[in-house]
Structures are given as C-alpha cells and as structure tokens.
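Below is one structure, written out as structure tokens, with a few remarks after it.
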Amino acid sequence: MSSANLIKIAIADDHKIFRDGIKMALAGKENLKMLWEAEDGKDLMHKVAIKKPDVLLMDIRMPEMDGINAIEMLRKEYEDIKIIVLTMYDDQQMINRMMEMGANAYLTKTTDPEEIYKAIITCMNDDFYFNSLVNNAVMGKLIQKKNVRQHYGSTVPVNFNEKEIKILQLLAQDKTTEEISKIIFLSPRTIETIRQNMKSKVGAKTIAGLIMYGMRNKLID
C-alpha cells in the first residue's frame with residue numbers, strides 16, 4: 001500500500017507501557033502508520049502542529065494538560081482529526097462530555113485491539129464509531145432530558161385564558177398569592193385553585209415548572 005493511502009495514527013498517553021502495547025497491537029495492520037506518540041497534553045499539542053495525524057488515540061487524564069483541555073484546543077484548530085478517546089473512565093457523564101466536545105469515538109483501555117482497529121476504520125469512513133458505551137450514555141442522557149421535561153411540564157403549548165396568563169406573569173415576578181389576589185381582584189383561594197389547574201394543564205409539579213413552561217412558550221416577557 002502506498003504511503004499516501006496509509007492512515008496516520010498518533011497516541012497521547014502518559015503511560016509508556018500502554019503506548020507500547022497499542023503500537024504492538026496495531027503493528028500488524030498494513031494500512032496504518034504510527035506517526036508519533038506523546039506523553040502529555042503539551043507534548044501532544046507540540047507534535048500535532050508539526051505532523052498532523054489522521055487519527056489520534058488520546059487518554060483523558062494526562063499531566064501538563066489533560067485530554068479535556070487538549071480536545072478543546074484541537075477542535076479549534078484541527079477539525080478533521082479523528083479523535084478516539086482511550087481511557088479508564090467509563091462513566092456516562094464523561095462519555096457524553098467528550099463526545100459533545102468533539103470526540104469521534106470513546107473506548108476504554110480494556111477494549112480488544114481489534115475493536116480499536118475497527119473504531120479507527122469506522123471513524124475514517126463514517127466520522128463516528130458508536131459502541132455500547134456511547135450508545136448507553138446517549139440513551140441515558142435522553143432519558144434524563146425526558147424526565148426533566150416531564151418535571152417542568154409539557155412542551156406542547158396549552159391554551160391559557162387571559163386571567164391565567166396574567167397570574168403566570170405575576171408568579172414570574174415573584175408575587176405572593178395575596179399580592180396577586182389584590183392585583184386581579186380574586187380571593188387567595190381562587191388564585192390557588194387557578195394555579196393548581198394551570199399546573200395540571202401543563203404537567204408541572206412546582207411553580208418553578210409552571211414558570212419554565214411560560215418562558216419556553218413565550219407567555220412571560
């Protein structure tokens with residue numbers, strides 16, 4: 001295979017034994033060329049400016065500059081580099097954070113070498129490699145967002161009458177029930193009843209949820 005068709009790989013990890021293991025595992029792949037290795041984030045940024053790889057295998061926790069800061073800087077200057085996070089951390093928050101920051105794949109260091117190779121090829125061809133780790137993290141975040149929407153009320157607009165909208169706007173101004181009753185000339189008990197009905201309409205459990213609904217649907221200035 002000509003050098004022009006080779007996929008240029010780089011590794012950024014502060015553990016030499018791990019870097020050596022990855023290099024050995026990928027050594028038999030004739031379509032890959034190991035370009036360089038970096039032992040920390042600063043070393044990574046220095047070397048990437050000299051020789052840009054096609055794919056970067058990068059740890060999150062590194063001295064000098066960690067992977068979180070490094071990926072932020074990389075994405076500002078090198079949008080076309082495929083970044084595969086290769087780390088010990090497998091919590092969903094970190095996975096989502098790194099993918100949102102611009103990683104193309106997220107693998108743990110226990111990943112089989114063949115899957116690492118598969119991730120490299122897939123990222124080159126399709127931009128992203130989604131394994132069970134990433135899929136579960138994304139699904140977890142979607143479920144969390146769904147629960148938040150349910151907590152803060154429906155996203156489907158509900159028809160409030162003029163009086164209900166006025167009460168909603170006064171609630172957003174942090175007016176008490178007694179203050180609202182004096183402004184719109186209704187008893188505090190009536191205000192409470194209307195407010196509870198409004199919450200039921202949109203599925204909100206709290207006044208904050210009701211106000212969030214009003215802001216989202218532009219009922220509150």
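All of the numbers you see were taken from the coordinates with simple rules; none came from a lab. Just so it is clear, the structure is predicted and the values come from calculations on it, not from any experiment. Note that we place each Cβ from the backbone using ideal geometry, even for glycine, and neighbour counts take in every protein chain shown.
Some values worked out for this structure:
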read-out: Three-way shape label, region 3-134, alpha-carbon gyration tensor, a/c 1.5; value: rounded
read-out: Ranked by how many other beta carbons lie within 10 Å on average, peptides 188-196, 97-105 from highest; value: 97-105, 188-196
read-out: MRE, 222 nm, helices only [DSSP H, n ≥ 4, -39500 (n - 2.57), over the chain, to nearest 500]; value: -17000 deg cm²/dmol
read-out: Karplus-derived HN-Hα couplings along region 38-53 (A = 6.51, B = -1.76, C = 1.60, θ = phi - 60°), whole Hz, x at Gly and Pro; value: 10, 9, 7, x, 5, 4, 4, 5, 5, 6, 5, 6, 8, 9, 7, x
read-out: Prolate/oblate/rounded label for region 152-216 (Cα gyration tensor, a/c 1.5); value: prolate
read-out: Most fluctuating residue given options Val158, Val134, Val48, as computed from a GNM of the chain linking Cα atoms under 10 Å; value: Val158
read-out: Value of relative contact order over region 3-134, rounded to a whole percent, pairs C-alpha under 8 Å and six or more apart; value: 21
read-out: Subset of Lys52/Lys109; Lys82/Lys218; Lys76/Lys205 violating a 32 Å alpha-carbon distance limit; value: Lys82/Lys218; Lys76/Lys205
read-out: Whichever aspartates and glutamates have a C-alpha closer than 12 Å to that of Lys166, once near sequence neighbours (fewer than 8 apart) are set aside; value: Asp221
read-out: Asp54, Asp13 arranged by Cβ crowding within 10 Å, fewest neighbours leading; value: Asp54, Asp13
read-out: Principal-axis tilt of helix 188-202 within the chain, Cα atoms, nearest 10 degrees; value: 40
